[in-house]
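Chemist: This is the structure I have questions about; it appears just below.
The values are calculated or read from the model by the stated rules, or taken from the named source; none is laboratory data. Source: prediction; values computed, not measured. Glycine also receives a Cβ, built like all others from the backbone with ideal geometry; neighbour counts cover every protein chain displayed. Areas reflect the complete protein model, heavy atoms only, side chains present, ligands, DNA and RNA absent. Shrake-Rupley method; radii C 1.70, N 1.55, O 1.52, S 1.80 Å.
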Amino acid sequence: MDEDLERMTREELIDEAKRLRQGIREHRDCSGHDLCWHHPALWALLPDKTDPVPVIPEWPEFIKGCVKYRQSLDEQAPDAPRTNESYDE
């Protein structure tokens, strides 16, 4: 699956590492309501071009997952700033 790396020069590998790091940083730096979104751009950084269709839970289970995720943020980032900013499209 990663045979392409074997054929890359040192410079190409460095460029690839920088490209991947930038994608990871963009994903990491999501904040607020952006944390909730589907992020296919992150997966698009991989050389294997697939377009996986996610299995989406029904609404009640989906909302339970949202609540659990938000609770995990309280546990993992208790000192992170909070906002009351509403979601606007």
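Chemist: Loop-only chymotrypsin sites (Phe, Trp or Tyr not before Pro) in the chain, please: DSSP not H, G, I, E or B, and at most 11 other Cβ atoms within 10 Å.
Modeler: 37, 87
Chemist: I'd like to know which of 76, 55, 36 lies farthest towards the positive end of the charge dipole of the chain, counting +1 on Cβ of Lys and Arg and -1 on Cβ of Asp and Glu.
Modeler: 76
Chemist: Among the trypsin sites (Lys or Arg not before Pro) in region 1-57, which ones are in a DSSP loop with at most 16 other Cβ atoms within 10 Å of the Cβ? Mind listing them?
Modeler: Of the trypsin sites (Lys or Arg not before Pro), the ones in loops of region 1-57 whose Cβ has at most 16 other Cβ atoms within 10 Å are 7, 49.
Chemist: How large is the charge dipole for the chain, taken about the Cα centre, if only the Cβ atoms of Lys, Arg (+1) and Asp, Glu (-1) carry charge, to the nearest 20 debye?
Modeler: Rounded to the nearest 20 debye, it is 240 debye.
Chemist: When ligands, DNA and RNA are left out and all protein chains stay put, how many square angstrom of accessible area per residue does the chain have with a 1.4 Å probe?
Modeler: Counting only protein heavy atoms, the per-residue value for the chain is 94 Å².
Chemist: Still on this structure, I have one more. Relative to the longest principal Cα axis of the chain, at what angle does helix 59-76 sit, 0 to 90 degrees, rounded to 10?
Modeler: Compared with the principal axis, the helix lies near 80 degrees.
Chemist: Would you compute, from DSSP H runs of 4+ residues alone, the mean residue ellipticity of the chain at 222 nm, taking -39500 (n - 2.57) per run and dividing by the full residue count, rounded to the nearest 500?
Modeler: -15500 deg cm²/dmol
Chemist: Ok, one more. By a straight-distance test (C-alpha under 15 Å), which aspartates and glutamates pair with residue 49 as possible cross-link partners, with residues fewer than eight away in the same chain excluded?
Modeler: The reachable aspartates and glutamates, counting only those whose Cα sits under 15 Å from residue 49, are 2, 3, 4.
Chemist: For region 1-55, with all protein chains present and a 1.4 Å probe, just round the carbon and sulfur fraction of the accessible area to a whole percent.
Modeler: Roughly 58 percent, rounded to a whole number.
Chemist: Between residue 16 and residue 74, what is the spin-label point distance in nm, taking each point 7 Å from the Cα along the Cα→C-beta axis?
Modeler: Spacing of the two 7 Å Cα→Cβ label points: 4.3 nm.
Chemist: For the chain, what D do you get in µm² per second when you plug the Kirkwood radius from alpha-carbon pairs into Stokes-Einstein at 20 °C and 1.002 mPa s?
Modeler: Diffusion coefficient, whole number: 131 µm²/s.
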